[in-house]
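The structure under discussion is supplied below as structure tokens; questions concerning it will follow.
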Amino acid sequence: MPVARDIIAAQAAGAQASNLVDSHVPGLVAGAGGPFMRPVWVGACFGWLHTKDATTGGDVAALICPGLARDRLDAHHSLRLLADALADAGYPAMRFDYPGTGDSADLQSDGEPWQNWQRSAHAAVDWLRATTGATRVILAGLRVGATLAALAVEQRDDVAALALLAPALRGRSYIQQLQMEARLQRGEAAPRSEGLEFHEVQFDAATINRIAEVDLRELKLPPGLHVAMFMQAASKLGNDCADAWSGQGAKVFSAGFAGLEPLLRHNEETEGTPPDFSELLAWIRRTVPAKPVPLLPLAWPEESLAQLGWIETPQRFGPGDGLFGMLCRPDRPHGDMAVIIGNIGRDPHYGVARFGVEFARHLAALGIASLRIDFAGLGDSIGPPGKADVLTSMFETSRDVDISAAAAMLADIGYRRIAMQGICAGAYHTLRGALAEPRIGTLLLVNLPVFEWHAGDTVDFVYRRTMKPGRYLTRLGNIDDWKRVARGDFHVGEVIVAQSARIWQRLREGMLRLAERQGWLPPQSVGRLAMAALAQRGVRTLFLFSPDDNGIDAMEQEFGRDAVGLRGRAQVAYHIEPQLDHLLSTPAMRRAAIQIMAQFLGDWPTSGTGAAAGHGHPAGRSTR
């Protein structure tokens, strides 16, 4: 892969390149309802400190330990609301990313995850106490985060309470669950001796064995410790843990999971209802009363984290500084190119399997800066007025204002050539945002699902409407699909309605294309209008798809097979990469996608301002 030519230009630019090292560092910012959030680095781990206001700490603080993989992604927004609620109740709260997860630094090649994560929890507690003035702490964790929180208690004498949310009580069962999910993702089971690779989880056999040995029934807890277990379902294992801990003198409170379901729900459609933490907060207030004390400002860590190849600095920007992004820039003088990395669906800015982080740091190694952002109401960005704490919709909520704010912030810092990348729904918003934001000069669209979204559409309906009829025919021989029909999970009637809409749409599109070719009408469809408008500005666009992705059908509806309607436009590339799946699930897939996108960026001329026609792969060239 060639190194981007920006690096050479930046070194020649000298002083101009060095000006890009300065960035806008956010201070304390108010979240919804009054609590303040401040981004912090504890060692090489990124986190957020939530306090009641800018100066008040507390004599009891709380550390929130997240789960891993999909548990982490689905709960990110909810755990932010929990930290806000704790802070509002007078308990300074911190949520943080373990090494090799979220925005934290990568684990070294010889770093053992399980032991590193336990050490990071202890470091976070120590920092939390030193900063907030707390003498006692509450440890709260979700899924395997609850396991890590429980293990930390054994080695500390300052833990007053332990809150376990849907805890993984036995390591062996948790590893089996991850292996099953990895098998569903890969389509085959990997031998245990080869370790486990799933999302950001990369365990060798020794780590798997170490985690499998964990059994919280054997946990040694100090007498008088308050423990709350919020379980999804009653189980003998849960009862055995409660009995074992009570026998050691711990005060165990058991409750159900009612109201907490959003913590573990992958919600693609509706805004949904936030988790109800009232029972958890009532238990905390009852068992561990707190009083306010001043924050200790001398304990604040650095605003940026620098490692070999990159420097990362959290950013607040946009209306009311309500949007969040992580600026990642090269650790040496560099050029004036920056890439905005948007959310994948409703997942936070670091993305599925930390794709956003991996992409950003790879770009930094090539001399290209990036800003991975959360759209309003996702991840760590505050929602719009009146819905500050609501998880905003995946497609229907316009992201144009968020994208323009990110481009303006990068331009203010000194980046003159701005690109944007998105996957799935993120690609949809990237395309729409670029139409409204003239500073964006190139687009990296991965598995773009649709060109247009109508109010009231659902993900399932659009998926069925765009799928070719032949794909349904190929599934007639799949026994699993017939089982779904028998269970009522697959609704034939809905497929017929969606396919009927597809037929009408294809007829309409065919007539419009004929009229356009004859010169009777200007471009009518959203996709063709969008590409015509971007072509006028010289915007370069990469369409990158995995084989058999539904977005390919949407492309064919707009531009014909292999995007033949885009041929001849030197600024457009269309590529189908056999190695990929829809969400770039494996490291090999992510590396392949990153290489293709970095090559496309590297073809962008280094002179001039704004968008420029490039030398990328011509539209219509694809690999199946």
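The values are calculated or read from the model by the stated rules, or taken from the named source; none is laboratory data. The structure presented is a predicted model; accordingly, all values stated were derived computationally and were not measured. Neighbour counts are summed over all protein chains in view; Cβ atoms, including those assigned to glycine, are modelled from backbone coordinates with ideal geometry.
Between Gly100, Gly145, which is outside any loop (DSSP other than H, G, I, E, B) and not polar (S, T, N, Q)?
Values: Gly100 fails: outside any loop (DSSP other than H, G, I, E, B).
Matching residue, one of Gly100, Gly145: Gly145.
Could you grab me the full set of residues in region 593-624 that are modelled with pLDDT of 90 or more and in contact with an Asp or Glu (Cβ under 6 Å, 6 or more places away or on another chain)?
Within region 593-624, no residue meets the criteria.
Taking the criterion of being assigned to a loop (DSSP other than H, G, I, E, B) and either among the aliphatic types (A, V, I, L, M) or crowded, with 24+ Cβ neighbours inside 10 Å (or both), would at least one residue in region 149-164 satisfy it?
Taking every residue of region 149-164 in turn, none turns out to be assigned to a loop (DSSP other than H, G, I, E, B) and either among the aliphatic types (A, V, I, L, M) or crowded, with 24+ Cβ neighbours inside 10 Å (or both).
Please work out which residue is surrounded by the fewest Cβ atoms within 10 Å (Cβ to Cβ), limiting yourself to region 531-563 and to residues that are under 27 Å from the mean Cα position of the chain (by Cα) and either assigned to a helix (DSSP H, G or I) or outside the structural domain of Arg439 (by TED's automatic domain parsing) (or both). It would help to see each step written out before you state the result.
Step one: of region 531-563, the residues under 27 Å from the mean Cα position of the chain (by Cα) are 539-555.
Next cut, either assigned to a helix (DSSP H, G or I) or outside the structural domain of Arg439 (by TED's automatic domain parsing) (or both) only: 550-555.
Details: Asn550: 22, Gly551: 23, Ile552: 24, Asp553: 19, Ala554: 21, Met555: 25.
Only one residue tops the list, namely Asp553.
Cβ-Cβ distance below 9 Å, separation of 6 or more or different chains: which pairs start in region 414-437 with a residue that is under 24 Å from Pro333 (Cβ atoms) and end on one that is in a loop (DSSP other than H, G, I, E, B) and among the aliphatic types (A, V, I, L, M)?
Here the result reads Gly414/Leu20; Tyr415/Leu20; Arg417/Ala611; Arg417/Ala612; Ala419/Ile368, each pair linking region 414-437 to a residue that is in a loop (DSSP other than H, G, I, E, B) and among the aliphatic types (A, V, I, L, M).
Return the residues of region 207-233 that are in a loop (DSSP other than H, G, I, E, B), within 12 Å of Ala150 (Cβ to Cβ) and charged (D, E, K, R); say none if nothing qualifies.
Passing the criteria: only Lys220.
Looking at the structure I just gave you, is Ala130 within 20 Å of Val153 (Cα to Cα), surrounded by fewer than 22 Cβ atoms within 10 Å (Cβ to Cβ) and over 24 Å from the mean Cα position of the chain (by Cα)?
So Ala130 fits the description; yes.
Also, I was wondering about something else. Run Gly414 past the list (1) crowded, with 24+ Cβ neighbours inside 10 Å; (2) at positive phi; (3) not acidic (Asp, Glu) and report the number of the one that doesn't hold.
With (1) crowded, with 24+ Cβ neighbours inside 10 Å; (2) at positive phi; (3) not acidic (Asp, Glu) applied to Gly414, the lone miss is (1).
Ok, one more. As an exercise: evaluate Ala533 against (1) touching a residue at least 24 places away in the same chain (Cβ under 8 Å); (2) under 25 Å from Gln579 (Cα atoms) and give the number of the one condition it does not meet.
All conditions pass for Ala533, except number (2).
Check region 355-370 and report whether any residue there is closer than 21 Å to Met37 by Cα, crowded, with 24+ Cβ neighbours inside 10 Å and touching a strand residue (DSSP E or B) at 6+ places or on another chain (Cβ under 8 Å).
Looking for residues that are closer than 21 Å to Met37 by Cα, crowded, with 24+ Cβ neighbours inside 10 Å and touching a strand residue (DSSP E or B) at 6+ places or on another chain (Cβ under 8 Å), one finds none in region 355-370, hence no.
I've got another one for you. Inspect all residues belonging to region 509-526 and state whether any of them is under 30 Å from Asp603 (Cβ atoms), outside any loop (DSSP other than H, G, I, E, B) and modelled with pLDDT of 90 or more.
No, because not a single residue in region 509-526 is under 30 Å from Asp603 (Cβ atoms), outside any loop (DSSP other than H, G, I, E, B) and modelled with pLDDT of 90 or more.
Further question: What's the total number of residues in region 564-595 that are surrounded by 15 or more Cβ atoms within 10 Å (Cβ to Cβ) and part of a helix (DSSP H, G or I)?
The total comes to 7.
Next up: I need a count of the residues in region 293-344 that are charged (D, E, K, R) and within 30 Å of Gly58 (Cβ to Cβ).
Residues in region 293-344 being charged (D, E, K, R) and within 30 Å of Gly58 (Cβ to Cβ): 5 in total.
Considering each residue of region 66-111, count those that are over 16 Å from the mean Cα position of the chain (by Cα) and at positive phi, and give that number.
Within region 66-111, residues that are over 16 Å from the mean Cα position of the chain (by Cα) and at positive phi number 1.
For region 426-444, what are the residues that are touching a Lys or Arg at 6+ places or on another chain (Cβ under 8 Å) and under 17 Å from Ala593 (Cα atoms)?
Residues satisfying the conditions are Thr442, Leu443.
Would you confirm, using the coordinates I've provided, whether Arg361 is of a type in the set (Lys, Arg) and either outside the structural domain of Val144 (by TED's automatic domain parsing) or touching a Phe, Trp or Tyr at 6+ places or on another chain (Cβ under 7 Å) (or both)? First the steps, then the outcome.
Values: of a type in the set (Lys, Arg): yes; either outside the structural domain of Val144 (by TED's automatic domain parsing) or touching a Phe, Trp or Tyr at 6+ places or on another chain (Cβ under 7 Å) (or both): yes.
Yes: the conditions hold for Arg361.
Can you spot a residue in region 250-267 that is within 30 Å of Ile368 (Cα to Cα) and acidic (Asp, Glu)?
no
Next up: Being in contact with a Leu (Cβ under 8 Å, 6 or more places away or on another chain) and either without any contact (Cβ under 8 Å) to a residue 12 or more places away in the chain or over 23 Å from Arg186 (Cα atoms) (or both) is the filter here; which residues of region 572-588 pass it?
Val572, Ala573, Tyr574
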